[in-house]
Every structure is written in structure tokens, then in C-alpha cells.
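What follows is a set of notes on a single structure, which appears directly below.
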Amino acid sequence: MELKDIMNSGIEAIKSASTLDKLNDVRIEYLSKKGHLTQVMGQMKSLPNEEKPLFGKKVNEVKQEIEVALKEKQEELQEAQLLEQMKEDKIDVSMPGVQFVSGSQNPLVMIQREIEDLFREMGYSVVEGDEIELDLYNFERANIPQDHPAREMQDTFYIDEHTLLRTHTTAIQTRTLEHFAPSIPLKVICPGKVYRRDDDDATHSHQFVQMEGLVVGHGITLADLKGTLSLFGKRMFGDKRVIRFRPSYFQFTEPSVEVDVSCHICDGKGCSVCKQTGWIEILGAGMVHPNVLKDAGYEDETLTGFAFGAGVERIAMLKYGIEDIRSFYINDKRFIEQFKRFE
Ligand code: PHE
């Protein structure tokens with residue numbers, strides 16, 4: 001090839017190289033040891049001596065021009081490649097992120113834990129039991145003998161003559177008393193599911209959660225019960241809450257009381273939640289009946305104790321303004337997710 005042609009075709013080839021690889025091929029074709037320029041240098045031998053320096057100079061010029069063109073094209077292609085890559089790697093910071101869905105606790109579990117924490121702080125132990133229970137622990141040891149009318153207060157699911165689904169967590173108490181008798185002081189809190197033959201509606205469920213507390217020792221009085229439940233009322237419904245006792249009846253406590261807390265919605269003034277009374281009934285309680293202590297193995301007649309039992313659903317419903325007890329059980333995510341903010 002003539003030097004002139006090398007120059008023209010070289011520049012042309014560089015211009016049309018569309019990738020860095022192709023550009024490199026052009027470099028090899030023109031500038032390598034076997035490339036066009038090296039070959040054209042070979043022609044120098046056949047030239048007369050006086051023409052050699054000029055020819056050499058021209059070859060060098062062509063070489064330099066090709067090198068410059070190669071360098072420019074290389075930079076151009078590199079830049080284009082970089083831009084292309086940047087387009088692909090681009091991060092759109094305004095795009096919505098991936099949402100991580102975290103679970104939330106059922107409000108019943110939250111309330112149960114909160115009650116457990118409060119009583120643990122006061123030195124109670126948490127004790128659980130079986131949902132299938134003997135009549136003996138559910139009724140007899142709770143001072144409710146066979147055929148006693150008090151059994152009618154709790155519609156029971158019987159499995160057979162002696163076995164039933166526990167109707168109250170008092171069954172855990174009677175077992176705990178038997179287990180620990182005659183040691184004192186006994187301070188336990190017993191959460192658990194209980195069952196009653198109720199027709200389900202907005203305020204009744206055949207299955208619900210109770211929490212019962214029990215203290216046995218020397219010199220335990222109704223005043224201790226009141227002090228303890230007063231703290232309980234404040235912890236559940238706010239520091240300004242006060243409680244009151246109303247006489248009531250349970251077979252396993254004597255005396256028995258119904259416990260009301262001043263309404264947390266209207267501050268006791270009267271509203272629809274407290275049915276204009278200013279008070280809301282939250283639990284049943286009393287001094288443990290001497291028969292219950294004796295039957296469990298506490299022979300020392302100077303010992304006394306108090307017990308109380310609260311429905312966890314009822315407390316959660318009051319605290320969070322939930323109107324239908326069934327909301328707790330149907331596992332509607334929209335319902336449960338609302339309680340994240342309370343954790
Ligand atoms: N066991 C009673 C109930 O189910 C509640 C209660 C417990 C009352 C302890 C007094 C003492 O209604």
C-alpha cells in the first residue's frame with residue numbers, strides 16, 4: 001500500500017470503529033510489527049539514499065497522525081461506554097423502596113404480658129395449667145361441690161363425668177395451692193384460656209382468656225387486695241384511676257367483691273362506655289375461702305389469702321375501645337396491625 005493510501009484508509013478505519021475492540025484491531029492492522037506502516041518502511045531499502053530521510057519523515061508523520069486519531073477515538077469510545085454503563089447503574093432515589101412487613105402481637109397477648117410484668121415486679125410467679133381439667137380442681141377444690149347450684153353460674157363443656165374444659169383459671173389456683181401447701185408466702189398469677197357454653201356474640205365467647213392472682217400468707221387482708229388491685233387499675237387504665245369494691249358472691253372466696261375502676265373515657269363523669277355511672281366493672285375477687293385453703297393442704301387456720309380473676313378480653317376491649325370480642329379471634333390482619341403502635 002502507498003503511504004497516502006495508508007493514511008486515508010487508516011483514518012477512515014479509525015472513524016468507523018464502533019467499539020474499543022474494533023479500534024484495537026485497527027491499531028494492530030496499521031501499527032503492529034506486521035502492520036501496514038512497518039511494511040511500507042520496508043520500501044525504504046529500494047529508495048535512493050537522498051530520498052530516504054524525507055520518506056522516513058513522512059512515514060513518521062503518518063504514524064503520528066494515526067496514533068493521534070487512535071487516541072482521540074479511544075477516548076471517545078471509552079466515554080460512550082462509561083455513559084452507557086452509568087445509564088444501567090443509575091439509582092432512582094425517588095423510587096418507592098421494598099416494604100418489609102413486620103408482625104404485630106395480638107392485643108390479648110400484649111395485655112397478658114403487661115399484666116404478667118406488673119405482677120412479676122411485685123414478686124409473683126407466673127403459673128400455667130392444662131385446658132382440660134378434672135372436675136376436682138375446677139369445681140370441688142374451689143368449694144363448689146357436686147350438685148351445688150353455684151355450678152350453674154358457669155356453663156361447662158364436659159368431656160366425661162370427671163373431665164371438662166376448665167371454666168375458670170381458678171383451676172390453676174387449686175392445683176397450685178395443692179402443689180405448694182403448706183409453704184408460704186404464695187404469690188402467683190395464672191393466665192390461661194377458659195371455656196364456657198355461651199352463644200358467641202359481640203360480648204360473649206365460648207373461649208376467652210382469664211388471669212387470676214392468688215396470695216397466701218400471714219396477715220393478708222382485704223386491704224392488701226385493694227392496694228394490689230388499685231395498682232392494677234392504674235397500670236391498665238392510667239395513673240388517675242381509682243377502684244371501688246362492691247359486694248358479690250363467689251363460692252371460693254369469702255367475702256367476695258366485684259371490682260370497678262373509675263371510667264378512663266370520661267374520668268368518672270359518666271359516658272356511654274360506663275353507662276353513665278362513672279364506673280366500669282373489671283374483675284371479681286375476694287378473700288380465699290377457708291375451705292379452699294384447707295382442702296388444698298393448708299392446715300394452719302391463721303393463714304389467709306386473697307384471689308382475683310380478670311377477663312383479658314374485657315380489659316383489652318375497654319382499653320382500646322374494641323366493640324366486638326370476636327375481633328380478637330378471627331385473625332384479620334387489619335385489626336391486629338393497629339396494635340403495632342402500642343408495643
Ligand atoms: N373465677 C371467677 C370467674 O371466673 C373469677 C374470680 C377469681 C373471682 C378469683 C374471685 C376470685 O368469674
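The numbers here are math on the coordinates, done by the rules we state, and not lab data. Everything quoted here is computed from the prediction, not taken from an experiment. Glycine gets a Cβ as well: all are built from the backbone with ideal geometry, and neighbour counts include every protein chain shown.
For the chain, with only Lys/Arg (+1) and Asp/Glu (-1) charged at the beta-carbon, what is the dipole magnitude about the Cα centre, in debye rounded to 20? Can you show the working numbers first?
On the way: 42 positive and 57 negative charges, 299 e Å.
Here the size comes out at about 1440 debye.
Picking from Ser248, Ala310, Tyr298, whose Cα lies most toward the positive end of the charge dipole for segment 237-343 (charges on Cβ: Lys, Arg +1; Asp, Glu -1)?
Most positive-ward Cα: Ala310.
Any idea which of Ala202, Val188, Thr167 is furthest toward the positive side of the dipole for segment 154-203, if Lys and Arg beta-carbons carry +1 and Asp and Glu beta-carbons -1?
Positive-end residue among those listed: Val188.
For Cα pairs less than 8 Å apart in space and 6+ apart in sequence, what is the mean separation divided by the residue count of segment 3-88, i.e. the relative contact order in percent? Write out the running numbers ahead of the final one.
Values: 49 pairs, mean separation 31.8, N = 86.
Reported as a whole number, the value is 37 percent.
Of Met7, Leu47, Gln85, which is farthest on the positive side of the dipole of segment 3-88, counting Cα position, with +1 on Lys and Arg Cβ, -1 on Asp and Glu Cβ, and the Cα centre as origin?
Toward the positive end, the furthest listed residue is Leu47.
Which length gain, in nm to one decimal place, applies between Glu51 and Lys90 when the Cα-Cα distance is subtracted from 0.36 nm times their residue separation? Kindly include the intermediate steps, with their values, before the conclusion.
Details: separation 39, 0.36 × 39 = 14.04 nm, distance 5.84 nm.
Result: 8.2 nm gained on full extension.
How much of the DSSP beta bridge set in segment 107-342 is antiparallel, as a percent to the nearest 5? Spell out each step's value before the answer.
Numbers: 43 of 45 bridges.
Rounded to the nearest five, the antiparallel share is 95 percent.
Find how many whole Å separate the alpha carbon centroid of segment 241-320 from the alpha carbon centroid of segment 53-112.
With segment 53-112 and segment 241-320 each reduced to a Cα centre, they are spaced 72 Å.
For a quick check: with amide H placed at 1.01 Å from N, whose amide H comes under 5 Å from Phe157's, ignoring anything fewer than 5 positions away on the same chain?
Amide H neighbours of Phe157, under 5 Å, 5+ apart: Leu165, Arg197.
If you average the sequence gap of Cα pairs under 8 Å that are 6 or more apart and divide by the length of the chain, what percent do you get for the contact order? If you can, show how the numbers build up before the last one.
On the way: 508 pairs, mean separation 51.3, N = 343.
In percent, rounded to a whole number, it is 15.
For the chain, take the longest principal axis of its alpha carbons; what is the angle in degrees between that and the long axis of helix 107-121, to the nearest 10 within 0 to 90?
Helix 107-121 sits at roughly 70 degrees to that axis.
Principal axis extents for the chain, Cα atoms only, whole Å, descending order, please.
138, 46, 39
Please list, in order along segment 231-241, the HN-Hα scalar couplings obtained from phi with the Karplus expression 6.51 cos²θ - 1.76 cosθ + 1.60 (θ = phi - 60°), rounded to whole Hz, x for Gly and Pro.
4, 4, x, 5, 5, 7, 10, x, 4, 7, 6
Quick one: putting +1 on the C-beta of Lys and Arg, -1 on the C-beta of Asp and Glu, what dipole do you get for segment 3-88 around its Cα centre, in Debye to the nearest 20? Could the numbers behind the result be given before it?
Working: 14 positive and 16 negative charges, 101 e Å.
With only Lys, Arg, Asp and Glu charged at Cβ, the dipole is about 480 debye.
Starting from the amide H of Ile220, placed 1.01 Å from N in the peptide plane, find each other amide H under 5 Å away whose residue is 5 or more places distant or on another chain.
Thr304
Take the Cα gyration tensor of segment 239-343, multiply each eigenvalue by 5, square-root it, and list the three semi-axes largest first, rounded to whole angstrom. If you can, show how the numbers build up before the last one.
Details: eigenvalues 219, 75, 25 Å².
Values for segment 239-343, descending: 33, 19, 11 Å.
Quick one: which residues, 5 or more positions from Thr203 or on another chain, have an amide H under 5 Å from its amide H? H modelled 1.01 Å from N in the peptide plane, none for Pro or chain starts.
The answer is Ile325.
Taking Rh as the Kirkwood radius computed over C-alpha pairs, what is the Stokes-Einstein D of segment 3-88 at 20 °C in a medium of viscosity 1.002 mPa s, expressed in µm² per second?
Details: Rh = 14.0 Å.
D, rounded to a whole number, is 153 µm²/s.
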